[in-house]
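Quick notes on the structure that follows.
The values are calculated or read from the model by the stated rules, or taken from the named source; none is laboratory data. Remember, predicted model here, so these are calculated numbers, not experimental data. Note: ideal-geometry Cβ built from the backbone for every residue, glycine included; neighbour counts use all protein chains shown. Heads up: the accessible areas ignore ligands, DNA and RNA and are worked out on the full protein's heavy atoms, side chains in. Shrake-Rupley method; radii C 1.70, N 1.55, O 1.52, S 1.80 Å.
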Amino acid sequence: MASHGFWFLGAENASGNCSQSPNTPRAWCQAAAQKFPGGIGSKLCALLNVGEAEKTAQAPVKAEDGSTAESCGCNKPCNSSKATLCFSDLYSTDLLPALDGDAKTMNFLQEVVDILLAYIVESFDRSTKVIDFHYPNELLQRNNWELSDEPETLDDILINCRATLKYAIKTAHPRYFNQLSTGLDMVGLAADWLTSTANTNMFTYEVAPVFVLLEYVTLKKMREIIGWQDGRGDGIFSPGGAISNMYAMLLARYKMFPEVKEKGMSSVPRLVAFTSEHSHFSIKKGAAALGIGTESVICIKADERGKMIPSDLERRIIEAKQKGYVPFFVSATAGTTVYGAFDPLIAIADICKKHDIWMHVDGAWGGSLLMSRKHRWKLNGVKRANSMTWNPHKMMAVPLQCSALLVREEGLMQSCNQMQACYLFQQDKHYDLSYDTGDKALQCGRHVDIFKLWLMWRAKGTIGFEAQIDKCLELSEYLYNKIKDREGYKMVFDGKPQHTNVCFWYLPPGVRYLEDKVENMKRLHKVAPVIKARMMEYGTTMVSYQPQGDKVNFFRMVISNPAATFEDIDFLIEEIERLGQDL
C-alpha cells in the first residue's frame, strides 16, 4: 500500500500524550507539529482549534526527525507518531458525514493529494513521457472500468485514481503542444481545488457572494482592457468559446428582433451571418442550435495568411440584401485556430457600422494578446465590437474551463435571456438583485470559473500575464526562424506568424526530391499523421496536424505552455526529424 499523508493520527495511538479525544481539533495538530518545521504546525493548530486560537502556544519541541516544531497548545508534548490506516477495509460510507469519519476522511483526501502531487511533479519532468499511449480496446482491457452494483473499497478507489492519471495526457508537460490550452498553473490549480471544495453555483449572490463579486470586478477589468469606456457593459463566463460565440449570436438576433424570444424564428425574416472561411466551427454550430441554420452562415474569403478580406465581406452583405435576406451578425476572428490570423477589425467595424450589423470578435485564442503592450496592436479596432469572446484558459494558461463573453451594451443579456423564475430569482430579497446573475445566462447551474482567473491575476498581476504571453510568442518566432530555411521544412504560408501558430510541412528524405508533384503531395499528406502516431507511441511529444483547403496535412505547432523553453523547441525539431527519417 502506498504511504499515507501526515493527516492520519490513529484513534488508537493518539491518546497517549493528550487527554482529549483523538478526533478533536487539538489532536490533529500533533501530526502537524511534527510534519512542519518553523512554527507552521502551530499556525495550522490555531486554525483547527476553533475557539482556542487565542491560547498561547507551548515552547517548541523536538520532532522525531530532529526538527523543531511548536506544540499544539495542549498540556503535554506533541510527540505522537503517525499511524497507518488500511483503506482496504473502508468504504465511502466511512467518510464524512459519517460519525467519527473526520480522521478517515482526512487520511483518504491526503492520500489523493499525494497522488496528485506526484503526478504534478512528474508532469513537469522532461524525462517522463507526455503520454503512456494504448489503443482504446487495449486500454479497456487493461483495467476494469465497468460500474458495479456493490461499492468498492477506498483502496480500490485510490487504485482507480492512480490508473486514471497513469494513462492521462500530461497537458502540463513542457513538450505537450497539441492543443491551444496547455500548461498547469499552480495558483490556478489551488483555486480550482478551492472552488470544488466550496461546491456552489454561480446563479445568485445568495449562494455565491464572493464568487459573484469576483466575476463582476474581473469582467469589468476585461472590458476596460478591450477599451470600452469605464469598463461599462456586461458579460458572463460560459462553458467555453463555442458557447460564448453562440451567446453573441443570440444577443445579436434579439437586439434586431426582440420578438423572436416569445414568437420564435417564424416571426422574423431570413437571417444571415458572416464569418471568415478560416473561422472556428462554433459559428455554424451556434447557427444550427439557434434555428438559424448552417446555410445561413456565409463564409467570407480569407487571404493567403488567413485574414478575412473586407471587400468580400461587403460584397456578400450587399448580395444577401438583394436576395431579401437580413444580415444581422458578423464574426471577426482574432487568432484563427489553424493559422493564428487576426482579421482586420477596423475595416470590418466600418462595414458593420455602415450596414448596421452586430460585430462580434471571436478572440478565444488571440484575445489574451490584449494583455501585452507589445502585441495588442493586432486587435486594433476591437473596442468597436458589440461583443467579444475571450478564453483565459488558452494563452493565459488558466485551468480549464475559463471562457468569457464580453458585451458592450449593459442589460441586453438580462432582457434577452431572463425567465424570472420566482423560486430562484425572488424580487423581494434583502440585497441588490443586480448581483443575481443567473437569469442572464442560458444555464441554470453554472460552474464557478472565475476564481481561477481572479486568483492568478492577483498572483501574477497584469505584468505577469504580459510576460508569460510575450514569452510564448518569442518561442514561436524562435521556431519559425529555426525552420524557415532548414532543409526538409517548408512553411505553409510566407512570413512570420502573427500568433504562436507555426504551420509547416516536414519533407522526409523519401519525399524531399520527388519530381512528380501529384505523387509528392500524395505522399506528403501521409507524413504528418505517421510522425504524430509515432510521437504518441513513444510518448515524447505531441503536436497537432491538419489539412487546410487544398493544402495537404501539415503540422500546426502552437505554444501556450508557460513551462516551454527554447530547448523544448529544439527537441521538437530533432524529434520530428528522428521519427520521420525513414519515410
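Projecting label points 7 angstrom from Cα along Cα→Cβ for residue 431 and residue 373 puts them 3.8 nm apart.
Dipole check for segment 164-239: with +1 at the C-beta of Lys and Arg, -1 at the C-beta of Asp and Glu, and the Cα centre as origin, the magnitude is about 380 Debye. Computed from the Cβ-Cβ distance with R0 of 60 Å, the FRET efficiency linking residue 470 to residue 96 stands at 0.85. Between residue 270 and residue 217, the modelled label-to-label distance comes to 5.1 nm, taking each label 7 Å out from Cα in the direction of the beta carbon. Selection among 412, 557, 444 by position relative to the dipole of segment 412-565 gives 557 as farthest towards the positive end (Cβ unit charges, Cα centre). Residues 512, 142, 175, 126, ordered by accessible area of protein heavy atoms at a 1.4 angstrom probe radius and largest first, appear as 142, 126, 512, 175. Computed with every protein chain present, the accessible area of residue 432 is close to 90 Å² [probe 1.4 Å].
Which stretch or stretches of segment 544-583 have amide N atoms under 19 Å from the point lying 7 Å from residue 530's Cα along the Cα→Cβ direction? The answer is 544-547, 552-556, 573-583.
The portion of the accessible surface of the chain made up by carbon and sulfur, rounded to a whole percent, is 54 (1.4 Å probe; DNA, RNA and ligands excluded). When the scattering of segment 487-551 is computed by the Debye formula from its Cα atoms alone, each counted once and equally, what is log10 I(q)/I(0) at q = 0.19 Å⁻¹? Rounded to two decimals, the profile gives -0.85. Over the Cα atoms of segment 325-451, each weighted equally, I'd like the Debye log10 I(q)/I(0) at q = 0.09, 0.13, 0.16, 0.19 Å⁻¹, rounded to two decimals. For segment 325-451, the Cα-only Debye profile gives -0.34, -0.66, -0.91, -1.10.
Helical runs (DSSP H, four residues minimum) scored at -39500 (n - 2.57) apiece and divided by the length of the chain put the mean residue ellipticity at 222 nm at -12500 deg cm²/dmol. If you bin all the Cα-Cα distances of segment 473-525 at 5 Å, starting from zero, the percentages per bin are 4, 19, 28, 19, 14, 11, 4, 1.
With the charge dipole of the chain set up from +1 on Lys and Arg Cβ and -1 on Asp and Glu Cβ about the Cα centre, the Cα lying farthest toward the positive end among the listed residues 393, 543, 488 is that of 488.
Normalising the Debye intensity of the chain to I(0), with uniform scatterers on Cα atoms only, and taking log10 at q = 0.08, 0.11 Å⁻¹ returns -0.70, -1.15. Per residue, the solvent-accessible area of the chain (1.4 Å probe, heavy atoms of protein chains only, all protein chains present) comes to 47 Å².
Between residue 444 and residue 281, the distance separating the two model label sites (each 7 Å from Cα on the Cα→Cβ line) works out to 3.1 nm. Taken about its Cα centre, the chain carries a charge dipole of roughly 2160 debye when the Cβ of each Lys and Arg holds +1 and the Cβ of each Asp and Glu holds -1. Summary of packing: across the peptides 254-267, 292-305, 150-163, the per-residue average of other C-beta atoms within 10 Å ranks them, highest first, as 292-305, 150-163, 254-267. Extension gain for residue 485 to residue 513 (0.36 nm times residue separation, less C-alpha to C-alpha distance): 8.5 nm. Measuring with a 1.4 angstrom probe and ignoring ligands and nucleic acids, residue 315 comes out at about 100 Å² accessible. Of the residues 570, 230, the one with the largest accessible area comes first in the ranking 230, 570, computed with a 1.4 Å probe on protein heavy atoms.
Its residue count N sets the reference 2.2 N^0.38 Å, and the alpha-carbon radius of gyration of segment 277-396 equals 1.03 times that reference.
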